[in-house]
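Below you'll find the structure, written out as structure tokens, and then a few comments.
We did not get these values from a lab; they are worked out from the coordinates using the rules stated. All of these numbers come straight from a predicted model, not from anything done at the bench. Please note: Cβ atoms are built from the backbone with ideal geometry, for glycine as well, and neighbour counts cover all protein chains shown.
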Amino acid sequence: MSNIVKIALRNLLRYKRRTLLTSLLIMIGVVAVLLFSSITGAFKSLMIGQITDSMLGHLQVHKRGYVASIDNLPLHMNLGPQDMETIEEALDSLEEVEAYSARIKFGGMFSNFEETTNVRLNGVNPAQEILAAPLLPKRVLQGDTGDTLLSPGDILVPELLAKGMDVKPGDTVVIVATNQDGSVNAKTFTVRGVLEGITGPGGRDGYIHIKDAQEILRIQKQEVNEYAVRLKSAGALEKVEAALAKAIGGELNKQGAPKYEIHTWEKLSPFYNIARMIDVMTLFIKLMLIAIVLVSVMNVMIMAVFERVKEIGTIAAIGTRPGQILSLFLFEGISLGILGSAMGTLISLAAILTLKIHPISYDFGRQKGLLLSPALDPAEIIVVSLLVILISVLASLQPAYRASRMEPVTAMRHI
Amino acid sequence: MSLIVSRDLAKTYRTGEVEVKALKGLSFKIEPATFVSFVGPSGSGKTTLLNLVGCLDKPTSGQLSVSGTEVASLGRADGATFRGRNIGFVFQDFNLIPVLTVAENVEYPLLMVGRCDARERRDRVDSLLDAVGMVDQRKKLPGQISGGQKQRVAVARALIGAPKLVLADEPTANLDHDTAFMVIDLMKSLKEKRKTTFLFSTHDPKIVGEAEIVYTLEDGLITDREDRRASHV
Ligand SMILES: Nc1ncnc2c1ncn2[C@@H]1O[C@H](COP(=O)(O)OP(=O)(O)OP(=O)(O)O)[C@@H](O)[C@H]1O
Ligand SMILES: [Mg+2]
């Protein structure tokens with residue numbers, strides 16, 4: 001066996017330039033796949049983190065039908081005290097749930113005493129909200145929100161609105177809203193801070209205290225219309241969704257349909273489709289890598305067999321068995337794959353290391369200066385390397401088999 | 001017991017419609033430890049015969065046993081193993097493996113048939129390289145030595161597995177006169193020392209003079225057998 005390895009490696013060295021070119025080609029493919037998947041992977045998890053940690057949470061629970069009509073922020077699908085008790089009990093019982101925030105979302109008019117415009121608002125309990133959406137405080141661009149984020153009487157104004165209406169922290173503004181019964185109510189607020197807008201649903205909403213929301217909307221009892229749930233780990237998403245569906249999905253309304261609906265962030269955010277698209281692109285790049293390896297290794301191996309017909313005839317004549325000849329050429333092809341993927345992995349690691357030292361800064365929508373810190377998943381390296389080696393074997397199989405089936409006499413006559 | 005027994009051995013090549021009767025029924029026996037030459041004009045069937053004896057090609061009819069084995073029935077892999085264990089080959093154009101050094105070329109059959117440990121391999125390689133006078137060239141690649149040296153290495157490679165039979169199809173055709181004699185003398189002395197049978201074909205009448213037994217082939221038939229051992233004593 002070691003003799004076969006020795007001969008295979010020496011033959012690769014004998015055609016140094018060809019070996020180098022082929023493994024360089026494979027290397028480029030490997031680098032493309034590894035860098036693409038690590039950078040897009042970092043982008044994906046950063047974006048998903050932004051979306052879940054600053055706004056949506058991982059999961060949301062509403063009255064059935066709420067999400068379908070979320071654009072007009074209906075108030076007739078609120079969750080009453082009974083519902084809240086059911087939902088909170090279910091959430092409290094789930095191990096993987098880290099925190100949740102009950103919100104009242106509603107639309108109103110925003111006035112700076114000179115002009116009036118529309119605004120979408122979340123009435124929240126700040127302590128709960130910070131736990132469920134830990135990145136929210138980081139979105140405060142102007143104003144000092146301290147640990148409390150906001151107190152009754154305060155409002156966090158979305159960036160674009162603040163700019164358009166020319167308000168800044170400390171200013172007084174008026175919120176006017178129509179409640180469920182159609183009566184109009186107004187309340188003055190102090191601008192506590194200006195919120196950075198983010199991409200995705202709810203990324204341009206303002207925030208007020210839940211008590212103020214109930215006051216404007218003249219809600220007497222406890223009432224909310226959304227639960228945003230944060231999990232201890234994003235990986236538990238499906239598990240929690242299923243457990244929650246089991247716990248509260250059995251609750252039926254008077255029409256006999258389920259009372260509540262549960263949505264994961266994937267169903268709520270359009271970014272999920274971007275993430276899926278990135279996965280598809282990664283797949284395509286992998287297919288290209290497969291094509292590169294297949295074509296280049298097969299090409300080299302066909303040449304190698306063709307150039308060495310006489311040599312193959314000779315070693316067959318002096319007692320080399322067909323299986324040994326097969327392994328000789330297979331090993332040559334595999335070595336090309338191993339060399340290419342080893343070089344590719346090294347280059348990729350070096351590139352990733354460079355990116356760690358000088359992270360990529362990029363803008364996504366209105367978010368500026370997001371920092372990407374890509375990492376190489378060892379599993380991905382192993383998968384890509386094994387893929388390359390496997391394809392090298394496949395590519396060498398036919399030429400190697402042909403070599404092993406040569407008739408020594410015919411082969412030795414070859415010049 | 002005879003080393004090679006051939007009875008009515010025939011070989012017909014078919015290429016499309018054309019048939020060439022290269023061997024038309026040869027019967028002969030070759031004893032162990034003899035130095036045998038096949039001579040005859042071009043196209044008389046020397047190469048064809050050596051290929052059959054060397055288990056590199058199959059006869060169309062007739063029987064052929066080498067060292068007690070009916071070689072016509074061997075499959076591809078068994079044939080390779082049989083050759084590796086029982087037959088050494090010396091080729092007209094040397095056919096050394098270009099990426100292996102002189103010593104590694106000689107060692108090659110031992111590694112492929114794989115029957116001895118590293119120490120024994122080294123001893124055997126050294127003693128054969130010494131016998132063919134190539135010890136000081138052992139680290140060189142085939143591309144770095146002359147034709148005569150290559151053929152000496154090839155002889156050493158053919159003998160490394162201690163085969164009972166070495167086949168050489170025109171081993172001296174690519175060598176100049178003096179070198180040719182040197183290689184033939186080398187084979188002859190190794191035949192004496194190792195009790196190996198050498199079977200070679202040649203065109204060269206001067207080389208034929210070195211053989212103990214000379215078969216003459218003409219148009220696929222043996223037309224003459226001359227045993228020179230008796231007459232020389
Ligand atoms: N592979 C083949 N296919 C068809 N015919 C062949 C083949 N090999 C040899 N022959 C024919 O068989 C006959 C014997 O050829 P062979 O090569 O055995 O002769 P030879 O005695 O070795 O000749 P030379 O001295 O020129 O080497 C010739 O007529 C040749 O044309
Ligand atoms: Mg011939």
Taking only the Cα atoms of the range A:66-169, how large is their convex hull per residue, in Å³? 135
Please give the Cα centre distance for the range A:139-169 versus the range A:184-228, rounded to the nearest Å. 12
Which entries in A:Lys232/A:Lys267; A:Lys239/A:Lys267; A:Lys221/A:Lys254; A:Lys232/A:Lys286 show an alpha-carbon gap greater than 27 Å? A:Lys232/A:Lys286
For chain B, what is the relative contact order in percent, using Cα pairs closer than 8 Å and at least 6 residues apart in sequence? 28
Rounded to whole Å and sorted largest first, list the principal axis extents of the Cα atoms in chain B. 48, 40, 37
Rg and Dmax of the protein assembly as shown, using alpha carbons, in Å: what are they? 43.1, 138
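With 10 angstrom as the radius, rank A:Ser341, A:Ser45 by how many other C-beta atoms surround their C-beta, starting from the fewest. All intermediate terms of the calculation are to be shown ahead of the outcome.
Details: A:Ser341 27, A:Ser45 16.
Ordered by Cβ neighbours within 10 Å, fewest first: A:Ser45, A:Ser341.
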For the Cα atoms of chain B, what angle does the longest principal axis make with the long axis of helix B:147-159, in degrees from 0 to 90, nearest 10? 80
Sequence-distant lysines (8 or more away, or on other chains) whose Cα lies within less than 22 Å of B:Lys139: A:Lys6, A:Lys16, B:Lys150
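Size of the dipole of the protein assembly as shown about the Cα centre, Lys and Arg at +1 and Asp and Glu at -1 on the beta carbon, nothing else charged, in debye to 20? Please list the in-between numbers first.
Details: 72 positive and 69 negative charges, 532 e Å.
I would put it at about 2560 debye.
Between A:Thr116 and A:Lys6, what is 0.36 nm times their sequence separation minus the Cα-Cα distance? Round to one decimal in nm.
Details: separation 110, 0.36 × 110 = 39.60 nm, distance 8.24 nm.
Result for the pair: 31.4 nm of gain on full extension.
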Phi angles of the range B:199-206, converted by Karplus (6.51 cos²θ - 1.76 cosθ + 1.60, θ = phi - 60°) into ³J(HN,Hα) in whole Hz with x for Gly and Pro, give 10, 9, 10, 7, 9, 7, x, 6
Please compute the net charge surrounding B:Ala80, taking Lys and Arg as +1 and Asp and Glu as -1 over other residues with Cβ under 13 Å from its Cβ. +3
Could you tell me which residue out of B:Phe94, B:Met187, A:Ile290 lies farthest along the dipole of the protein assembly as shown toward its positive end? Charges go on the beta carbon: Lys and Arg +1, Asp and Glu -1, centred on the Cα centre. B:Met187
Can you give the local net charge around B:Asp219? Use residues other than it whose beta-carbon is closer than 15 angstrom to its beta-carbon, Lys and Arg +1, Asp and Glu -1. +1
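Could you work out the helix-only [θ] at 222 nm for the protein assembly as shown, with each DSSP H run of four or more residues adding -39,500 (n - 2.57) and the total divided by the number of residues, to the nearest 500 deg cm²/dmol?
Details: 21 runs with 299 residues, N = 648.
The helix contribution divided over the protein assembly as shown gives -15000 deg cm²/dmol.
Averaged across B:56-64, how many Cβ atoms of other chains sit within 10 Å of each residue's Cβ atom? Each step should come with its number before you reach the end.
Numbers: counts 8, 4, 0, 0, 0, 0, 0, 0, 0.
Counting Cβ atoms of other protein chains within 10 Å of each residue's Cβ and averaging gives 1.
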Most fluctuating residue given options B:Ala103, B:Ala118, B:Ala211, as computed from a GNM of chain B linking Cα atoms under 10 Å: B:Ala118
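Which length gain, in nm to one decimal place, applies between A:Gln398 and A:Leu283 when the Cα-Cα distance is subtracted from 0.36 nm times their residue separation? Spell out each step's value before the answer.
On the way: separation 115, 0.36 × 115 = 41.40 nm, distance 2.62 nm.
Difference between extended and current length: 38.8 nm.
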Based on the Cβ-Cβ distance of A:Thr190 and A:Gln82, what FRET efficiency does E = 1/(1 + (r/R0)^6) give at R0 = 35 Å, to the nearest 0.05? 0.50
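Within 10 Å of each Cβ in peptide A:302-311, how many partner chain Cβ atoms are there on average? Round it to a whole number, please.
Working: counts 0, 0, 0, 0, 0, 0, 3, 0, 3, 5.
What the average comes to for A:302-311 is 1.
For B:Asp78, A:Asp212, what ranking results if the residue with the fewest other Cβ atoms within 10 Å of its Cβ goes first? Don't jump to the answer; show the numbers that get you there.
On the way: B:Asp78 14, A:Asp212 21.
Placing the least packed residue first, the sequence is B:Asp78, A:Asp212.
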For B:Ile145, enumerate residues with amide H under 5 Å from its amide H, sequence gap 5+ or separate chain, H modeled in the peptide plane. none
Once you've got the GNM for chain B with C-alpha springs shorter than 10 Å, pick whichever of B:Met134, B:Met187, B:Met112 has the biggest mean-square fluctuation. B:Met112
Say we join alpha carbon atoms closer than 10 Å with springs in a Gaussian network model of chain B; which of B:Val214, B:Val99, B:Val166 then has the biggest fluctuation? B:Val99
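Can you give the extra length, in nm with one decimal, that the chain gains between A:Lys356 and A:Leu386 once fully stretched, where that is 0.36 nm per residue apart less the Cα-Cα distance?
On the way: separation 30, 0.36 × 30 = 10.80 nm, distance 2.60 nm.
Contour length minus Cα-Cα distance gives 8.2 nm.
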Which of rounded, prolate, oblate describes the range A:136-176, given a ≥ b ≥ c as roots of the alpha-carbon gyration tensor eigenvalues and a/c under 1.5 marking rounded, otherwise prolate only if a/b is larger than b/c? oblate
Per residue of B:91-99, what is the mean number of Cβ atoms on other protein chains within 10 angstrom of that residue's Cβ? 5
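For a quick check: sort B:Thr197, A:Thr410, B:Thr202 by the number of other beta carbons within 10 angstrom, fewest at the front.
Working: B:Thr197 20, A:Thr410 12, B:Thr202 24.
Fewest-to-most Cβ neighbours within 10 Å comes out as A:Thr410, B:Thr197, B:Thr202.
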